[in-house]
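Let me begin by presenting the structure, written as structure tokens, before commenting on it.
Read-outs throughout are calculated quantities, based only on the coordinates presented, and are distinct from any laboratory measurement. It should be emphasised that the depicted structure is a prediction, and the values quoted were computed from it without experimental measurement. No Cβ is skipped: glycine too gets one built from the backbone with ideal geometry, and neighbour counts run over all protein chains shown.
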2 protein chains.
Amino acid sequence: MVVSPFIAIDWGTTNRRAYRVEDGRIAATLRSPQGVSTTPADAYAQELAAIRAELGDLPVLMAGMVGSTIGWRVAPYVAVPADIADIAAQLTWIDDRTAIVPGLSFTRSGHGDVMRGEEVQLLGAALAGQVPADALLCQPGTHCKWVELTGGKVTAFTTAMTGELFALLKGGGVLAPQLAAPVAAGDAFREGVREGAKRDLAASLFGIRAAHVLGLRDDADAASYASGVLIGSDVAARIGDGRDVHLVADGDLATLYATAIETLNGRALVSGCEAAFIAGITQIRKLSA
Amino acid sequence: MVVSPFIAIDWGTTNRRAYRVEDGRIAATLRSPQGVSTTPADAYAQELAAIRAELGDLPVLMAGMVGSTIGWRVAPYVAVPADIADIAAQLTWIDDRTAIVPGLSFTRSGHGDVMRGEEVQLLGAALAGQVPADALLCQPGTHCKWVELTGGKVTAFTTAMTGELFALLKGGGVLAPQLAAPVAAGDAFREGVREGAKRDLAASLFGIRAAHVLGLRDDADAASYASGVLIGSDVAARIGDGRDVHLVADGDLATLYATAIETLNGRALVSGCEAAFIAGITQIRKLSA
């Protein structure tokens, strides 16, 4: 089935990317720092009109925090197991050519998890043929998402606030003065990954302070080591003694997570975020048009 | 041996407690918020003169951050294994009746740890006869100290920045709005302890946000649950399937750690901090007078 042109918007907390999609390919892109956190509730209609003025007067599909309680309108979560067809069947329509994609929720034994936005990219990576129907997927970030795909459906997922913990440690407290340097996927990072795999985070992190006091490690390496501890702890909890991980990630985060996965005897296979998002949102458009 | 009266000062980062000690007992106490972090380097002599004016013109032994790079004078660390006699033999003397107690350092396989102040209390608790010569000791706090005592000596120790992580999460980030309530050692705390024992901290913490979004837990319980996750993760890393822990702690922290230890099949035996400090510092005075 041919999909007529439409506009896809990945509208997150701190930024927004809008695409004119033609035949499953990006024909034009608009990037903006106008995320949900800086968009007043009554400004969305006008923002969208401005996007249509740039990209064309087309049907619109939006994903991400735009469908949360701090966004335009709440698009209720779809409970897993769910695949792209389940998501496409439960859009929240603003009008007859403007819809918001729901997020996913997962509840087991009183423990819950949620995602909003990542589901399009993660299932999109699978649709693009880069991920088998049974696989472990990972999208790193402030809140890193780990998804179990079973028979092409998301059956379980875990969010780890790995990136947020790093930001909090960098922003204040006893380690902050040591964490200003950029993070690199070198020896100090890998050493941190192996330490993090002990899964004793609060102690491993204090070790960074002690290493400074005792002069055991060059402080220029402290940020890389700390990032390794946090990412290593996250990866070790997910892959145990090694497993294939399909990363949906770009740039530095892709490099860091791939390095951590390989340090812990796993194998990392990387797909870019944008292509995965376009593949996912195009399929949702096909199924809902 | 009878110890003549002296002044003992526990001088930490954010507060100070000075005691006139007679026959191993507290004869008078001066408490002050004048910690090391708010004391200029050139103000210590004057501060101490004021303490002597209140408590008597006596010999003085100081412990804690007063001996750190941000304190009065650096009292170099004593490497473990070390007992109270090793500490007493390596005081840093300001003048012939004024000394600072050294902290302890521990290095193994390139990994290091340090403590400054807790060693007096932890070894003091053992001297007071409340702790056997081979034991696991714990002093909770911003940086929780866990000490292996072997034949009456500190042979290894681990610091976990458990309290600091809680403070950082409470101070900013996605969980902060949920963590304002006081922490209580009830069902939510114990549930958090069991979750924390999975030692998957970054994921367990995000679960607090997800539980809020999905309405799975009363938000009034979120702070207790979060504290349980952090303390449970710390305790589980130290006691495995259960072990006696000699807590040197007071008040709420003693209750929370004791609850966590018992929830994870350990046994908690509690000694108060002040008595342990006085027992330790009195012995140092005996050995160094």
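Here are the numbers for the structure shown:
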{"quantity": "Projected label distance in nm at A:N265 and B:V213, using a 7 Å step from Cα toward the beta-carbon", "calculated": "3.4"}
{"quantity": "Other-chain or far-sequence residues with amide H under 5 Å of A:G71's (modelled H)", "calculated": "none"}
{"quantity": "Label distances, nm, A:L287 versus same residue in remaining copies, Cβ-directed 7 Å point", "calculated": "7.1"}
{"quantity": "Computed FRET value (nearest 0.05) for A:N15 with A:Q46, which takes r as the C-beta separation and R₀ as 22 Å", "calculated": "0.75"}
{"quantity": "Net charge over other residues, Cβ less than 13 angstrom from the Cβ of B:I7 (K, R count +1; D, E count -1)", "calculated": "+1"}
{"quantity": "Burial ordering of A:T259, A:T159, fewest other beta-carbon atoms within 10 Å first", "calculated": "A:T259, A:T159"}
{"quantity": "Top of B:V66, B:V36, B:V235 by mean-square fluctuation, Gaussian network on chain B, Cα under 10 Å", "calculated": "B:V36"}
{"quantity": "Sequence-distant residues sharing a close amide H with A:R16 (under 5 Å, placed H)", "calculated": "A:S32, A:Q34"}
{"quantity": "Vicinal HN-Hα couplings computed from phi for segment A:148-155 (Karplus, 6.51 cos²θ - 1.76 cosθ + 1.60; Hz; Gly/Pro x)", "calculated": "8, 9, 10, x, x, 10, 6, 10"}
{"quantity": "Angle between chain A longest axis and helix A:222-239 axis [Cα atoms, degrees, rounded to 10]", "calculated": "60"}
{"quantity": "A:A268 long-range amide H proximity, modeled H, under 5 Å", "calculated": "A:V245"}
{"quantity": "Cα gyration tensor, chain A - rounded (a/c under 1.5), prolate or oblate", "calculated": "prolate"}
{"quantity": "Cβ-based net charge around A:S227, under 12 Å, with every Lys or Arg adding one and every Asp or Glu removing one", "calculated": "-3"}
{"quantity": "Chain A: most fluctuating residue of A:G24, A:G240, A:G117 per GNM, C-alpha cutoff 10 Å", "calculated": "A:G240"}
{"quantity": "Inter-centroid distance (Cα atoms) of segment A:157-178 relative to segment B:199-271, Å", "calculated": "20"}
{"quantity": "Estimated dipole of chain A in Debye, rounded to 20 [Cβ of Lys and Arg +1, of Asp and Glu -1, Cα centre]", "calculated": "220"}
{"quantity": "Calculated label separations, A:I26, copies of the chain, 7 Å along the beta-carbon direction, nm", "calculated": "6.6"}
{"quantity": "Karplus-derived 3J(HN,Hα), 6.51/-1.76/1.60, for each residue of segment A:32-44, Hz, glycine and proline x", "calculated": "8, x, 6, x, 4, 5, 10, 10, x, 4, 8, 9, 5"}
{"quantity": "Fluctuation leader among B:Q130, B:Q178, B:Q46 - chain B, Gaussian network, Cα springs under 10 angstrom", "calculated": "B:Q46"}
{"quantity": "Number of partner chain Cβ atoms within 10 Å, mean per residue of A:225-237", "calculated": "2"}
{"quantity": "Dipole axis of segment B:218-289 (+1 Lys, Arg; -1 Asp, Glu on Cβ), positive-most option in B:F277, B:N265, B:A220", "calculated": "B:F277"}
{"quantity": "Peptide A:214-221 - average C-beta neighbours from other chains (10 Å radius)", "calculated": "2"}
{"quantity": "For B:R267, label point 7 Å along C-beta direction: distances to other copies, nm", "calculated": "5.1"}
{"quantity": "Segment A:A156-A:D250, length gained on full extension (0.36 nm per residue, minus Cα span)", "calculated": "31.5 nm"}
{"quantity": "Whole-Hz couplings from phi, Karplus 6.51/-1.76/1.60, listed for segment A:243-256; x for Gly and Pro", "calculated": "6, 5, 10, 8, 7, 10, 6, 10, x, 4, 5, 4, 5, 5"}
{"quantity": "Exceeding the 28 Å Cα-Cα cut-off - candidates A:K153/B:K170; A:K153/A:K286; A:K145/B:K198", "calculated": "A:K153/B:K170"}
{"quantity": "Spin-label pair A:E274/A:R108, simplified geometry with 7 Å Cα→Cβ offset, distance in nm", "calculated": "3.5"}
{"quantity": "Two-site FRET efficiency, B:T29 against B:W93, from Cβ-Cβ distance with R₀ of 22 Å, rounded to 0.05", "calculated": "0.35"}
